[in-house]
């Protein structure tokens, strides 16, 4: 057999088989001669080695230990292989409650309900069952209500080294705003459907200048305007003689029309003026 493996390679093997973050205390139980600083240095060397060689996995410091994780760019292929494994999903109510606990801990149930405006008993039980929230004791005051806080599994689940790695409130607000805008756009698109394509008459060519289109022609008909005379005939404005020359004949015509219809000439004149 060859020489004994180095402490760094032993730690690498331990990382490979560990289901939870590997702590320095666990390493020292396997390698008692290794000092805490030496164990921490070995983790750092492995992390630098994987980054330098562009490995598909890396060493991440989570909770109070270290864990070997695949890089996020390989997620699509891993997801295809593990399509039968369902990830833990949280409802919107659970996410909101968990966020309040994470940022305000230790916090009582009544304080959470005051912020959310609804009962959170069932949601808290779900978070407790999933080991994302735990009891942190009792608050001082009337009734001494229970206090809730996050667990180490919460940090591990979200890949956080500590609670200080949580997004700042300003960053979280921007993330929520962008998600809400995406949801609104998706809902509007689902309701309205795809934007209609502009309608056009494939057989008719472009409307030339001075020529009325179908919409203009129908609008003219609705307003009582003539659609046009004979082909090639242009409409011209009346001259002064044409406009005033028929002044004497117009009453006679209206009078004759009145006799036929039983309408007084004054009524026709008033109707004409309107």
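The values are calculated or read from the model by the stated rules, or taken from the named source; none is laboratory data. Since this is a predicted model, take the numbers as computed values, not measurements. Cβ atoms come from the backbone with ideal geometry, glycine included; neighbour counts cover every protein chain shown.
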Members of the stretch 17-36 found to be touching a strand residue (DSSP E or B) at 6+ places or on another chain (Cβ under 6 Å) and modelled with pLDDT of 90 or more, listed by number: 22, 23
Scanning the stretch 47-68 for residues that are outside any strand (DSSP E or B), in contact with a helix residue (DSSP H, G or I) (Cβ under 6 Å, 6 or more places away or on another chain) and either without any contact (Cβ under 8 Å) to a residue 60 or more places away in the chain or under 14 Å from residue 9 (Cβ atoms) (or both) gives 56
Go through (1) surrounded by 13 or more Cβ atoms within 10 Å (Cβ to Cβ); (2) within 26 Å of the chain's Cα centre (by Cα); (3) under 18 Å from residue 156 (Cβ atoms) for residue 120 and report which single condition fails. (3)
How about the stretch 133-161: which of its residues are without any contact (Cβ under 8 Å) to a residue 40 or more places away in the chain and within 25 Å of residue 64 (Cα to Cα)? 133, 134, 135, 136, 137, 151, 153, 158
I'd like the full set of residues that are closer than 22 Å to residue 74 by Cβ, more than 38 Å from the chain's Cα centre (by Cα) and surrounded by 13 or more Cβ atoms within 10 Å (Cβ to Cβ), limited to the stretch 1-45. 12, 43
Reported set for the stretch 114-165 where residues are in a loop (DSSP other than H, G, I, E, B) and under 20 Å from residue 91 (Cβ atoms) is 117, 118, 119, 120, 130, 131, 132, 151, 158
Inspect the stretch 19-38 for any residue being touching a residue at least 60 places away in the same chain (Cβ under 8 Å) and in a loop (DSSP other than H, G, I, E, B) and give the result as yes or no. yes
Residue that is within 26 Å of the chain's Cα centre (by Cα) and surrounded by 15 or more Cβ atoms within 10 Å (Cβ to Cβ), where the choices are 147, 127: 127
